[in-house]
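Notes follow once the structure below has been shown.
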Amino acid sequence: QCQLNGLWRNDQDSLMEISVLRDNGDFQGQYLTRVTLSGGCAQISPLKGAQQQLGEEGWPTFAFTVRWDKFSNATTAFVGQCFVDAGGKETLTTMWLLREAVGSLEEDWKATR
């Protein structure tokens, strides 16, 4: 069974730590991104999410948000699933949407990546 709690590293060398995983599937932690919109230094940002509760079989799905409030006026929502290969290695696969603030409704078209 896949456990979300712990330290995870992605392909861009960013780190995510899930430090609290509650019995109901809610979790929280922090995200240290190496990729920033401003091109600045890596920053730690808070994350909160939820994991779908499964029985003994199957791989859990999850979703979480990261608030980039220390260096960017943006929020990212991630959705994904956790898998375990035959060797016991856990892997998270995710997709994300990033929303940054824009100054007007006319600029809304360029606000989501």
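Structural remarks
- Cut-off 16 Å (backbone N to label point 7 Å along Cα→Cβ of Gln52), residues of segment 1-28: 2-4, 25-26
- Sequence-distant lysines (8 or more away, or on other chains) whose Cα lies within less than 29 Å of Lys89: Lys48
- Residues of type aspartates and glutamates that Lys110 reaches as a straight line, Cα spacing below 13 Å, ignoring anything fewer than 8 places off in the same chain: Glu100
- Computed 3J(HN,Hα) for segment 70-75, one whole-Hz value per residue from the Karplus formula 6.51 cos²θ - 1.76 cosθ + 1.60 where θ = phi - 60°, is 7, 9, 7, 8, 9, 9, glycine and proline marked x.
- Under-5 Å amide H pairs with Ser14, H placed in peptide plane, nonlocal only: Arg34
- A compact globular protein would have a Cα radius of gyration near 2.2 N^0.38 Å; the ratio found for the chain is 1.16.
- Virtual spin-label span in nm between Leu92 and Leu7, 7 Å along Cα→Cβ: 1.4 nm
- Once both labels are positioned 7 Å from their Cα atoms along Cα-to-Cβ, the gap between Asp108 and Phe83 label points is 3.7 nm.
- Rounded percent of accessible protein surface that carbon and sulfur make up, the chain, 1.4 Å probe: 50 percent
- Ordering of 4-12, 78-86 by packing [mean C-beta count within 10 Å, highest first]: 78-86, 4-12
The values are calculated or read from the model by the stated rules, or taken from the named source; none is laboratory data. Note that this is a predicted model, so its numbers are computed, not measured. All Cβ positions, glycine included, derive from the backbone under ideal geometry; neighbour counts span all protein chains shown. Each accessible area value is taken on the protein alone, full model and side chains, heavy atoms only, with ligands, DNA and RNA left out. Shrake-Rupley method; radii C 1.70, N 1.55, O 1.52, S 1.80 Å.
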